[in-house]
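These notes concern the structure reproduced below.
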Amino acid sequence: MKLKRGYFEDIRIFRNRASRFWTFLFILVLALLPFFIKAYYLSVINLMALNVIVALGLNVLVGNTGQISLGHAGFVAIGAYSGALLMQLGLPFVPALLLAALLTALIGAFLGIPSLRLEGPYLSIVTLGFGLAVMVIIGRMDVFGGRTGMSVPKLKLGWTGLPYDTALYYVFTITTVVLVIITIILLKSRIGRAFQAIRDSDIAASVIGINVSHYKTFSFAISAFYAGIAGCLWGLYLQFVTPGTFSFMMSIIFLATIVLGGLGSVTGSVLGAIVMTYLGLQLENIVGVPVLGDVIVAFSDSLMNTSGIANIKWVLTGLILIGVILFEPMGLNGLWLRVKRYWRLWPF
Amino acid sequence: MISQLLVNALVAGSIYALIALSMSIIYKASEIPNFAQGEMAMFSTYITFILLSVLGWPFLYALAGTLVFAFCLGFLFEFIFIRRAKEPNLLGFIIITLGFQMVLYGLAGWKWGSDQRTFSLPFSESEVVFQTESVVLTEHNLASIVLAILVMAGLYLLLEHTNLGLAMKASQQNVRAAKFNGIPTNRILGISFGISSIVGAIAGVLVAPISTLDPSMMWDPLLKGFAAAVLGGMKSLHGVVIGGLLLGLVENLFGFYISLEFKSIVAFAIIMLVLFIKPSGLFDKHYVRKV
Amino acid sequence: MSLFSLNHISKSFGGVQALSDLSFELEEGEIFSVIGPNGAGKSTIFNCISGLYTPDEGSIQLAEKEITGWAPHRIARAGIARTFQNLELFRYLTAVDNLLLGRHIHMQASLLRILAMPFRRSRAAREEIAHRHKVEEIIEFLELEAYRDRPVFALPYGIQKLLELGRALALEPKILLLDEPAAGLNNEERQDMIFWIKDIRDQLGVTVIVIEHNMELVKDISDRVLALNFGRMIATGQVLEVLEHEEVRKAYLGEIPETT
């Protein structure tokens, strides 16, 4: 049997008509959403978008290239602070965004240099140290307002004729959609393949002609670039940034996001970021949840401490990390693929 | 002044060395960098606090109780989580330790996080044991150095002169060969985690009086411990001790002569520097993968 | 002038002399076998040639160019491809992706061009499609159609072996290094492997160096053989000459048996 195939199918963004249809529908819904829902929900989606962007970049590094970063909050911080500074200096938004992201990418590439010689455990320690060091350094620099932080100027979005929240929502979602598409293309290209080759066997990658150090550095740079963009937008979202915002725990939550979503998968990054953001918000007022909230308060009263309830967030994040690795190493994406396969065969 | 600096360096170095040792014991046994190490120590320190201040146990009993708790914590961590990893690879293990770290952090914050604690140990930071014109040695200083030496001596005896130590070494060298020779390698790994957790707990008890007792108290010391371990070469126990002392010295010299503000970054700078120049650390052999 | 030459190569690991003063030359289009007992240093030769190890002494030349000490990826680009004794495939990628990775050195599209790939007429898309055609040729050549979209870890051992050969071929190398191509294969698979190695030389004109324990395969395919023991060459020349060589027999059998 010989099938004459057009190989273009293999590199298209959408595998088939159905997925293209659903994607366009999804984008359409995103575009119309501001006219139907309250501003609060828009800001929830904005937060999700920020997490999606970081997750996309981190997943390229961790899931596709097989490196590790425990300091991604550091990159986000660099993006946020440099973006804020550039905009304060009067640079328009788009150039400021790109410049901040490029700066972050440059630092990412620099941090990637030790990765050329290091195996996993050492790299994880370096990146951990990096994340902490960034916060200390920024916290001591007067340009960035030191420990008190600095305010981020609002965007001039009046020309759109939309309320500020709505306009900001469009900025966030458009950026996110563009980055999702870029990531998909990148991973289908020779560059994405080279990343995955390095993940699976760096020795084999080098003998088939892949410049391993070049690509590892590049992967760090890309990952940092995404984090830089997310950081710059994060500043706009919060309107005020402090060193404490971008803590070590934030880095771990980013990691939890892609682990939960599914390592090495764009769908996973998106799913993971949406779910983690939602969970994070829900957990902040878990006491308000009908039945569960009462149970937790009662439990806290008798065994733990009611004033520390917010810490449930960390316990749950930790359990998610462990649980996914122990029971579903492919994360939500793996779960999704399995459900899809099940329904395709149903009812036979 | 310089002699006071040396005392401070020795004290800090001893604590870093303990943390680095606890890290290194697990790394040697399993090649896993245990990011839960700090939180495990923090949790154990809270147990000391409760035994001591809430239940009113005498210090030595409380310490003994803590060590038993720490051992169980480490052993159970390995038994319940590490051993059950489905497709064990380095990334998976790192994520499990991070997850455990978060769980412990969250639990501690939930239970104890909101209150400020004062921690009264029999060795206080303000009581002076020994004083000359140039040097002040507090009880805490002395206790840190003595406890660190005791732990190191104990570890040395355990690893070099007992059957358990021999079995641990054998499993590190070659798990399969050890298993074929009747060594219960799984249990040995659990015990390694337990011992490491004990060493970490002692470090925690020593850290608490000089910082505050709160859930994030071990973050900074953990990074220092990692730096010391990297400096010495993660797999060399005497190397990491020297690494810890060296880090204590460099950090204090830097803080005194250059900048107190950026003292906390020295550890990170050292990690970077060592890894750039000699990735395997000062005292470990470089490892080349065979094809 | 020969296509490839190894001149007085020595390599030691912490006091163990893995290779000492080894030299040989290759003519274009020949199949050259390296034999020797376990630990004779055979794989070390390949690791030196492909740049994973740097020899302590000596030089390696490819088409008059000095390639000693080059990084592995440069050597691959210069036209030397290899397989491994214990398979080094990209386990979580599909067979097609593994072969496409073999085409990596022939792909040029820059990052910016790649971003235009979703457009059918873009340069990156055309390049990608052209390489997918090339890969399809290899799939046909090695009869791997049935496995093309399966992840490698799910493939049988014999197929993985073949796939690794295919990936090396995808580089369109001048010289192909095969490290124990028949190890772990059954009789039938080994016959196929012999057939393919010959085909690769005859149809594609690739020069091949083979490390192999299986004497049947060595006899069948080799133009010339080099026998190695303790890192030293003990004999080289025509197949039968070398196999009959006294020292070679001693190396393999421990002592010289009485030939009848």
If you line up the long axis of helix B:2-30 against the longest principal axis of chain B, both from Cα atoms, how many degrees apart are they, to the nearest 10? 20 degrees
Using Cα-Cα distances under 8 Å and only pairs 6 or more residues apart, what relative contact order does the range A:16-345 have, in percent? 31 percent
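Roughly how crowded by other chains is peptide A:8-17, in terms of the mean Cβ count from those chains within 10 Å of each of its Cβ atoms? Each step should come with its number before you reach the end.
Values: counts 9, 2, 6, 8, 4, 2, 1, 0, 0, 0.
The shielding value for this peptide is 3.
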So, in Å, what gap is there between the alpha-carbon centers of the range A:50-69 and the range A:124-162? 21 Å
Over what distance in Å are the Cα centres of the range C:86-111 and the range B:108-179 separated? 51 Å
Sum up the charges of everything whose Cβ sits under 14 Å from the Cβ of residue C:121, counting Lys and Arg as +1 and Asp and Glu as -1, but leave residue C:121 out. +3
Would you tell me the mean number of C-beta atoms belonging to other protein chains that fall within 10 Å of each C-beta in A:186-199, as a whole number? 5
If each residue's Cβ is checked for other Cβ atoms within 10 Å, how do A:240, B:256 rank with the fewest at the top? A:240, B:256
Relative contact order for the range C:94-198: what percent, with Cα pairs under 8 Å and sequence separation of 6 or more? 34 percent
In whole Hz, the Karplus estimates of ³J(HN,Hα) for the range C:152-167 (6.51, -1.76, 1.60; θ = phi - 60°; x where Gly or Pro) are 4, 5, 8, 8, x, 4, x, 5, 4, 4, 5, 5, 5, 4, x, 4
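Per the helix-only calculation at 222 nm, which mean residue ellipticity applies to chain C, given -39500 (n - 2.57) for every DSSP H run of n ≥ 4 and division by its residues, nearest 500 deg cm²/dmol?
Working: 10 runs with 99 residues, N = 260.
The per-residue figure over chain C is -11000 deg cm²/dmol.
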For the protein assembly as shown, what log10 I(q)/I(0) values come out of the Debye formula at q = 0.04, 0.06, 0.08 1/Å, with one point per alpha carbon and no solvent? -0.22, -0.49, -0.85
What does the charge count around residue B:143 come to, taking other residues whose C-beta lies under 13 Å from its C-beta (Lys +1, Arg +1, Asp -1, Glu -1)? -3
By count of other Cβ within 10 Å, fewest leading, how are C:233, C:193 ordered? C:233, C:193
Between the range C:155-190 and the range C:37-54, the Cα center-to-center distance that results, in Å: 18 Å
Around residue C:192: net Lys/Arg minus Asp/Glu count, Cβ-Cβ under 14 Å: -3
Suppose we keep just the DSSP beta bridges with both residues in the protein assembly as shown; what percent of those would be antiparallel, to 5? 60 percent
Lysines near residue B:111 by alpha-carbon distance under 24 Å, same-chain residues fewer than 8 away left out - which ones? A:313
Sorted peptide list for A:19-29, C:29-39, B:258-268, A:251-261, criterion being average Cβ within 10 angstrom, highest first: A:251-261, C:29-39, B:258-268, A:19-29
For the range C:90-172, with the dipole built from +1 on Lys and Arg beta-carbon atoms and -1 on Asp and Glu ones, taken about the Cα centre, which of C:111, C:163, C:101 lies farthest toward the positive end? C:111
If packing is taken as the mean number of other Cβ atoms within 10 Å per residue, what is the order of C:244-252, A:92-100, highest first? A:92-100, C:244-252
When Cβ neighbours within 10 Å are restricted to other protein chains, what is their mean count per residue of peptide A:46-57? 0
The long-range amide H neighbours of residue B:138, using H built 1.01 Å from N in the peptide plane and a cut-off of under 5 Å, are B:129
Once you charge only the Cβ atoms, +1 for Lys and Arg and -1 for Asp and Glu, what is the size of the charge dipole of the range B:96-216 about its Cα centre, to the nearest 20 debye? 880 debye
Tell me the mean residue ellipticity at 222 nm calculated for chain A from its helices only (DSSP H runs of n ≥ 4, each -39500 (n - 2.57), averaged over every residue, nearest 500). -23500 deg cm²/dmol
Anchor residue B:278: lysines whose Cα lies under 22 Å away (excluding residues fewer than 8 positions away in-chain): A:216, B:28, B:224, B:235, B:290
Note, the range B:263-268: 3J(HN,Hα) by Karplus (6.51, -1.76, 1.60, θ = phi - 60°), whole Hz, Gly/Pro = x, goes 3, 6, 8, 3, 4, 5
Put in order of increasing Cβ neighbours within 10 Å, starting from the fewest, C:133, C:213, B:140, C:73 give C:133, C:213, B:140, C:73
Between residue C:228 and residues 5 or more places away or on another chain, which pairs have amide H atoms under 5 Å apart, with H built 1.01 Å from N, and which residues are they? C:35, C:36, C:234
Normalised by the number of residues in chain B, what is the relative contact order in percent for Cα pairs under 8 Å and 6+ residues apart? 35 percent
Once phi is turned into θ = phi - 60°, what whole-Hz ³J(HN,Hα) does the Karplus curve with 6.51, -1.76 and 1.60 give for every residue of the range B:101-112, x standing for Gly and Pro? 4, 5, 4, 5, 4, x, 4, 4, x, 5, 7, 10
Quick query: amide H of residue C:4 versus all other amide H atoms, modeled in the peptide plane; which residues come in under 5 Å with a sequence gap of 5 or more or a different chain? C:26, C:63
Kindly work out what percent of the DSSP beta bridges joining two residues of chain C are antiparallel, to the nearest 5. 55 percent
Per principal axis, largest first, the Cα atoms of chain C extend in Å by 71, 40, 35
In Å, what Kirkwood hydrodynamic radius results for the range A:16-345 from the alpha-carbon pair distances? 20.8 Å
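Using the reciprocal of the averaged 1/r over all distinct C-alpha pairs, how large is the Kirkwood radius of chain B in Å?
Numbers: mean 1/r = 0.0512 Å⁻¹.
Taking the inverse mean of 1/r over all distinct Cα pairs, chain B comes out at 19.5 Å.
Rule-based calculations on the coordinates, nothing more; no lab input. Because the structure is a prediction, the values reported are computed rather than measured. Using ideal geometry, Cβ is built from the backbone for each residue, glycine included, and neighbour counts are taken over all protein chains shown.
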